[in-house]
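Asker: I'd like to ask some things about the structure below.
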Amino acid sequence: MKKIINTSQTPYDAISQKYTDLVMTDPAKRFVQYPSAIQLLGDVSKKTILDVGCGSGTFDRELARRGAIITGYDISSEQIANAEKLELANPLGINYAISNPQEFKASKKFDAAISVLVLHYALDIENLAQFFLSTFQVLKDDGKFVCILTNPGFKRLGEVLYNRRFTKLPNDKMLVEFFDQNQALSLSAEYSSFSFADYEKAATDGGFKKFGWINLKVSEIGLRTMGQDYWKGFEEDCPYMGFIAYK
């Protein structure tokens, strides 16, 4: 695939290394988001998978080890550079591109697509719909788009839970702050506070005919590693949800 180059720095480039470090260590990523995405994708052996907003490719490498044939794209040139370094050091046959959903093109159709904690960074509902439309266009007829999203119905805003805090901002924005083991702020980001209806409308506008929401659970290894107390209340009011759109 021809790489689409965007030479202008994006807001994601500035936090690229911190975000990469977070992905490698964050319990919610390791024990909830990634295991849930794997479960919802199902058997990926010999399947072609598109990762929408692949970041530094950590999840792509997990899928590739399970036999998937992966293509990932991301708007951040820094994140793609990190992903390509990992691929060069330990090749797994993953292809990467710098792109946004409006510009992304592929010469083949994919069995499925995945997006982990990316779609809420769409600027508005029209931009969100573009993510779904561009993905719809490159999926096979029986393909599905598996999304791990921030939970639009999460209730415990303003509390520090699981090393993070979500705060509602004006103009339909949300702030998420991540804290280290000493409760010092390590990383923060703003994103669009989309509703359940917003995601469903965007999926419909993008061409998908049916979709469903899935409550996420903590993996068994996550329960053993972090302990039951760490996850208290997590599944009852989870900060994240699964959303699958079917072509």
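Asker: Can you pull out the residues in the range 42-54 that are under 19 Å from residue 242 (Cα atoms) and part of a loop (DSSP other than H, G, I, E, B)?
Answerer: Scanning the range 42-54 gives 42, 43, 44, 53, 54.
Asker: Report, by residue number, each residue of the range 202-239 that is open to solvent by less than 40 Å² (accessible area, probe 1.4 Å), part of a loop (DSSP other than H, G, I, E, B) and in contact (Cβ under 8 Å) with a residue 12 or more places away in the chain.
Answerer: 206, 207, 208, 216, 218, 219, 231, 233, 234, 237, 238, 239
Asker: Something else about it: Would you check if residue 81 is open to solvent by less than 30 Å² (accessible area, probe 1.4 Å) and either of a type in the set (A, V, I, L, M) or at pLDDT below 95 (or both)?
Answerer: Against the criterion (open to solvent by less than 30 Å² (accessible area, probe 1.4 Å) and either of a type in the set (A, V, I, L, M) or at pLDDT below 95 (or both)), residue 81 does not qualify.
Asker: Only one of these conditions is not met by residue 39: (1) of a type outside the set (Ser, Thr, Tyr); (2) assigned to a loop (DSSP other than H, G, I, E, B); (3) within 21 Å of residue 245 (Cβ to Cβ). Which number is it?
Answerer: (2) is the only condition that residue 39 fails.
Asker: Within the range 155-181, count every residue that is buried (at least 18 other Cβ atoms within 10 Å of the Cβ) and without any contact (Cβ under 8 Å) to a residue 60 or more places away in the chain.
Answerer: Of the residues in that region, 2 qualify.
Asker: If you take the residues of the range 21-43 that are open to solvent by 40 Å² or more (accessible area, probe 1.4 Å) and at pLDDT below 85, which of them is nearest to residue 224 (Cα to Cα)?
Answerer: 25
Asker: A follow-up question, please. Would you point out which residue out of 245, 197, 184, 189 is modelled with pLDDT of 95 or more, open to solvent by less than 60 Å² (accessible area, probe 1.4 Å) and hydrophobic (A, V, I, L, M, F, W, C)?
Answerer: Values: 197 fails: open to solvent by less than 60 Å² (accessible area, probe 1.4 Å); 184 fails: modelled with pLDDT of 95 or more; 189 fails: modelled with pLDDT of 95 or more.
Selected residue: 245, the only one of 245, 197, 184, 189 that is modelled with pLDDT of 95 or more, open to solvent by less than 60 Å² (accessible area, probe 1.4 Å) and hydrophobic (A, V, I, L, M, F, W, C).
Asker: Looking only at the range 107-154, which residues are more than 16 Å from residue 246 (Cβ to Cβ), open to solvent by 10 Å² or more (accessible area, probe 1.4 Å) and in a strand (DSSP E or B)?
Answerer: Selection gives 116, 150.
Asker: Further, regarding this structure: State which residue is farthest from residue 133 (Cα to Cα) when the search covers only the range 159-201 and only residues that are touching a strand residue (DSSP E or B) at 6+ places or on another chain (Cβ under 6 Å) and part of a loop (DSSP other than H, G, I, E, B).
Answerer: This residue is 180.
Asker: Every residue in the range 84-97 that is surrounded by 22 or more Cβ atoms within 10 Å (Cβ to Cβ) and farther than 18 Å from residue 62 by Cα, please.
Answerer: none
Yes or no, residue by residue, for (1) at pLDDT 90 or above; (2) under 17 Å from the mean Cα position of the chain (by Cα); (3) closer than 27 Å to residue 133 by Cβ; (4) among the hydrophobic types (A, V, I, L, M, F, W, C):
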| position | (1), (2), (3), (4) |
| --- | --- |
| 7 | no, no, yes, no |
| 12 | no, yes, yes, no |
| 19 | no, yes, yes, no |
| 57 | yes, yes, yes, no |
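Asker: Six or more apart or on different chains, Cβ atoms under 6 Å: show the pairs whose first residue is in the range 92-112 and closer than 16 Å to residue 139 by Cα and whose second is of a type in the set (Phe, Trp, Tyr) and crowded, with 17+ Cβ neighbours inside 10 Å.
Answerer: 101/131; 104/73
The values are calculated or read from the model by the stated rules, or taken from the named source; none is laboratory data. This structure is a prediction, so every number in the text was calculated from the model and none was measured. Please note: Cβ atoms are built from the backbone with ideal geometry, for glycine as well, and neighbour counts cover all protein chains shown. Surface areas here come from the heavy atoms of the whole protein model, side chains and all, with no ligands, DNA or RNA. Shrake-Rupley method; radii C 1.70, N 1.55, O 1.52, S 1.80 Å.
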